[in-house]
1. For residues that are open to solvent by 30 Å² or more (accessible area, probe 1.4 Å) and among the polar types (S, T, N, Q), tally how many sit in region 62-72.
2. Of all the residues that make up region 7-51, how many are modelled with pLDDT of 90 or more and outside any strand (DSSP E or B)?
3. If Thr119 satisfies all but one of (1) at pLDDT 85 or above; (2) surrounded by fewer than 16 Cβ atoms within 10 Å (Cβ to Cβ); (3) in contact with a Pro (Cβ under 7 Å, 6 or more places away or on another chain), what's the number of the condition it fails?
4. Can you tell which of Leu96, Leu112 is out of contact with any Asp or Glu (no Cβ under 7 Å at 6 or more places or on another chain) and modelled with pLDDT of 85 or more?
5. In contact with a strand residue (DSSP E or B) (Cβ under 6 Å, 6 or more places away or on another chain), at positive phi and in a loop (DSSP other than H, G, I, E, B), is that true of Gly69?
6. Take the residues of region 87-104 that are part of a loop (DSSP other than H, G, I, E, B) and over 23 Å from Gly10 (Cβ atoms): which is least open to solvent (accessible area, probe 1.4 Å)?
7. Regarding region 122-135, can at least one residue be identified that is aromatic (Phe, Trp, Tyr), touching a Lys or Arg at 6+ places or on another chain (Cβ under 9 Å) and modelled with pLDDT of 90 or more?
8. Which of (1) over 12 Å from the mean Cα position of the chain (by Cα); (2) at pLDDT 85 or above; (3) charged (D, E, K, R); (4) closer than 23 Å to Ile17 by Cβ is the odd one out, the single condition Asp150 does not satisfy?
Amino acid sequence: VDPPRWGYIGVSGRFLIAGSGTVDYRSHLETQGGKRTRFYDLDIASSRHLIVMDRYTGELLWHTRSELGFRHNAIVAGDRMVFCIDTLPDPVKEALDRRGISPSGTPSLQALHLETGRTVWRTTEGIFGTWLGYSDDHKVLLQAGRPSRDMVVGESGRGMTVYNAATGEELWSREASY
């Protein structure tokens, strides 16, 4: 068995949160009936699996597989949950759209219980972000983008949505550019 390819690592308390198995978007396009396209920069932006381990013992607590790819900049932990966006990068979505091909999964924003992996809440509405931020003081989750020169292509620079982190209820949304 080949060792896993780690794409993301985070720590929250005693938990090690890892993204494993980068998503090969070239293959994704090919399996969706598209021609081979160069998305090598995007292949390092997302992981196929999210894995949570006890960081002191190394015990695997749980893992889950993405439908489209867990965006590395859109994985954040707080309040005993891990929040993540499972979606295709915009350039891949646009390439599929040009070919008239629908993606094989549904973009989502999820809150998973940190100890068990149980889905606390999940939404498939208004998924546009490439970055998540969590405020422990306010118990809110921010979906946005993070466009900058040091990021891979496909980072969003539009819109912000804030959610109640415990319930997933949308508190407000703005069509801002930044």
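The values are calculated or read from the model by the stated rules, or taken from the named source; none is laboratory data. Computed from a prediction, not measured in an experiment: that's the story for all the values here. Positions of Cβ are backbone-derived with ideal geometry, glycine not excepted, and every protein chain shown enters the neighbour counts. These accessible areas exclude ligands, DNA and RNA; they are computed on the full protein's heavy atoms, side chains included. Shrake-Rupley method; radii C 1.70, N 1.55, O 1.52, S 1.80 Å.
1. Of the residues in region 62-72, 1 are open to solvent by 30 Å² or more (accessible area, probe 1.4 Å) and among the polar types (S, T, N, Q).
2. Result for region 7-51: 2.
3. Looking at each condition in turn, Thr119 falls short on (3).
4. That would be Leu112, the only listed residue that is out of contact with any Asp or Glu (no Cβ under 7 Å at 6 or more places or on another chain) and modelled with pLDDT of 85 or more.
5. Judged against the criteria, Gly69 is not a match.
6. Ranking the qualifying residues of region 87-104, first place goes to Ile101.
7. Our first condition is that a residue be aromatic (Phe, Trp, Tyr); within region 122-135, this holds for 128, 131, 134.
From what is left, the residues that are touching a Lys or Arg at 6+ places or on another chain (Cβ under 9 Å) are 128, 131.
Narrowing the set further to residues that are modelled with pLDDT of 90 or more leaves 128, 131.
Yes - at least one qualifying residue is present in region 122-135.
8. (2)
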